[in-house]
Amino acid sequence: MNYDLTAEQLSIKANFEKFCKKEIEPRAHLLDTASSEEVNSEIKVNIKMLADLGYLGMGHEEKYGGSNLDLFSQTVAGEEVAKACASSYLSAGASCGLFGVPLKLFGTDEQKAKYLPGIIKGEIIGCFGLTEPEAGSDAASMKTTAVKKGDKWILNGTKTFITNATIADVALVFAYNDREKGPGAGVTCFLIDKGTKGFSVSKPFDKMGFRGSPTAELILEDCEVPESAVLGQTGWGFIQAMQTLEYGRIGMATVCLGIAAKCLEHANKYSKERKTFGKPINRNQMISFKLADMMIMSDISRLLIYQACWAKETNNPESAILASVAKVWASESATQISSWAVQVHGGYGYIKEYAVERLYRDARLGEIGEGASEIQRILIAKDLIRKYGK
Ligand SMILES: Cc1cc2nc3c(=O)[nH]c(=O)nc-3n(C[C@H](O)[C@H](O)[C@H](O)COP(=O)(O)OP(=O)(O)OC[C@H]3O[C@@H](n4cnc5c(N)ncnc54)[C@H](O)[C@@H]3O)c2cc1C
């Protein structure tokens, strides 16, 4: 087994590290502390910069302006983006990934031609609307409906916690068109453009972390869309959503890895400079062992994420479970690692000028978004019982 990155992946890593350190990281504090209006404009600047660097097109076909790179290369680049600014990672990922991936996998040629070139250039921003006020983990209990009237669909319902909602030009929205058929055949996904009659967006939520990435509700009130707004095929929406979330879990694991790696960087730097009782604090075993554990945990996250990417790329039947495994470990590790990083910084770790304060708040989303830890464990346990429990 070879753990080396290829020459191309090494060059991607170096390019992204250099660019993100210079252009993205210095804006992370600004995004974290900006007003919601400023966030809407400033995050678009970061999305555009990342698009110009080729980040938003890495997973998309060349004919739409992408570079069609493998998931592993995207993850190598993604870790560098996340280290620089987790909010930028989340918003860029919601557009090219949560919106772009289902479009790539299930969209018609016309739909792809309409949206993908703009998504890849960072000129169109997309979002993914699955969660509802009363349907998160249990997404199949969604209440949003789509009713066919002549050659139009009429949608009603509310989607909540939607990343990019306030800045999106287009949204993917999942709705029951036939509740009797159940989620497997009765949910359809629709592409809804900003400005469509009956489609509006709430004020953004005031969040604990990822404050540079706007989150809001999508509201559908007799929202009328043509048949051409159906993503791929009627009735396939829930399956499309679940397949998208498999990528989303690797994405959420990667942002957690970036947060953890950045925390380790800050904790190493601070603990060698900060002196107490006449010596740097990293010469105390209790601090140096924290640093060691931070490294062990983030290295395991990286290996599990790479394994999940490999499984997905090779169509391994274990790929969904391996994505869940990576997500649980990377997110829970990031919570622990960021907490230790604050601890290593002492009182300064509690002050906003120090990046670990933001990283600690950002880390907390990992265990909730893209399927909470409890849900991942249910999926992993079910799989174990299927294999070994009978
Ligand atoms: C910042 C942010 C961005 C987001 N972006 C998006 C987005 O772009 N698009 C989108 O569609 N959604 C998005 N979400 C929604 C996110 O995916 C959901 O919040 C998540 O799936 C959890 O759903 P919930 O909040 O309704 O929690 P609930 O489902 O109500 O769960 C509450 C708690 O109960 C636990 N729980 C639930 N069921 C069980 C069970 N059977 N056994 C044990 N424990 C259980 C959960 O794990 C959780 O800990 C975002 C959320 C946030 C906070």
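The values are calculated or read from the model by the stated rules, or taken from the named source; none is laboratory data. Note that this is a predicted model, so its numbers are computed, not measured. Here the Cβ positions follow ideal geometry from the backbone for every residue, glycine too, while neighbour counts run over all protein chains shown. These accessible areas exclude ligands, DNA and RNA; they are computed on the full protein's heavy atoms, side chains included. Shrake-Rupley method; radii C 1.70, N 1.55, O 1.52, S 1.80 Å.
Residues in region 46-102 that are open to solvent by less than 20 Å² (accessible area, probe 1.4 Å) and among the polar types (S, T, N, Q): Asn46, Ser73, Thr75, Ser87, Ser88, Ser91, Ser95.
Does Ile337 fit the bill of being within 9 Å of the ligand (Cβ to nearest atom), assigned by TED's automatic domain parsing to the domain that holds Lys275 and in a helix (DSSP H, G or I)? No; evaluated as a whole, the condition is false for this residue.
Among the residues of region 305-319, those identified as more than 16 Å from Tyr3 (Cα to Cα) and not hydroxyl-bearing (Ser, Thr, Tyr) are Lys312, Glu313, Asn315, Asn316, Pro317, Glu318. Does any residue in region 274-301 that is open to solvent by less than 40 Å² (accessible area, probe 1.4 Å) come within less than 9 Å, Cβ to Cβ, of a residue that is outside any helix (DSSP H, G or I) and of a type outside the set (Asp, Glu) six or more places away or on a different chain, and which pairs are these? Final answer for the pair search is Pro280/Arg274; Ile281/Arg274; Ile281/Lys275; Asn282/Arg274; Ile287/Pro280. Among the residues making up region 113-124, those that are surrounded by fewer than 19 Cβ atoms within 10 Å (Cβ to Cβ) and either within 16 Å of the ligand (Cβ to nearest atom) or basic (Lys, Arg) (or both) are Lys114, Lys121.
I need a count of the residues in region 103-112 that are free of Cβ contacts under 8 Å to residues at least 24 places away in the same chain and surrounded by 22 or more Cβ atoms within 10 Å (Cβ to Cβ). Total meeting the criteria: 0. Cys223 fulfils the conditions (1) within 30 Å of Lys312 (Cβ to Cβ); (2) open to solvent by less than 10 Å² (accessible area, probe 1.4 Å) except for a single criterion, (1). Summed over region 1-14, residues that are open to solvent by less than 90 Å² (accessible area, probe 1.4 Å) and not hydrophobic (A, V, I, L, M, F, W, C) total 4. Note on region 343-382: residues that are open to solvent by less than 70 Å² (accessible area, probe 1.4 Å), away from the ligand (no atom under 16 Å from the Cβ) and touching a helix residue (DSSP H, G or I) at 6+ places or on another chain (Cβ under 8 Å) amount to 6. Is one or more of the residues making up region 111-119 within 21 Å of Glu42 (Cβ to Cβ) and of a type outside the set (Phe, Trp, Tyr)? Checking region 111-119: at least one residue is within 21 Å of Glu42 (Cβ to Cβ) and of a type outside the set (Phe, Trp, Tyr).
When only residues in region 125-164 that are within 16 Å of the ligand (Cβ to nearest atom) and aliphatic (A, V, I, L, M) count, which is farthest from the chain's Cα centre (by Cα)? Selected residue: Leu155. Given the criteria at pLDDT 95 or above and either more than 25 Å from Leu116 (Cβ to Cβ) or touching an Asp or Glu at 6+ places or on another chain (Cβ under 9 Å) (or both), does Ala241 qualify? So Ala241 fails the test. What about Val39, is it hydrophobic (A, V, I, L, M, F, W, C) and more than 28 Å from Phe190 (Cβ to Cβ)? It is false that Val39 is hydrophobic (A, V, I, L, M, F, W, C) and more than 28 Å from Phe190 (Cβ to Cβ). Within region 242-263, the residues that satisfy the criterion of being over 20 Å from Asp70 (Cα atoms) and surrounded by fewer than 24 Cβ atoms within 10 Å (Cβ to Cβ) are Met242, Ala261.
Determine whether Thr144 is touching a strand residue (DSSP E or B) at 6+ places or on another chain (Cβ under 9 Å), touching a residue at least 12 places away in the same chain (Cβ under 8 Å) and open to solvent by 20 Å² or more (accessible area, probe 1.4 Å). So Thr144 fails the test. State whether one or more residues within region 99-112 are assigned to a strand (DSSP E or B), within 15 Å of the ligand (Cβ to nearest atom) and under 14 Å from Gly248 (Cβ atoms). No; the residues of region 99-112 include none that is assigned to a strand (DSSP E or B), within 15 Å of the ligand (Cβ to nearest atom) and under 14 Å from Gly248 (Cβ atoms).
The number of residues in region 361-390 being of a type in the set (Ser, Thr, Tyr) and free of Cβ contacts under 8 Å to residues at least 40 places away in the same chain comes to 1. Restricting Gly59, Gly93, Gly118 to residues that are in a helix (DSSP H, G or I) and within 16 Å of the chain's Cα centre (by Cα) narrows the list to Gly93.
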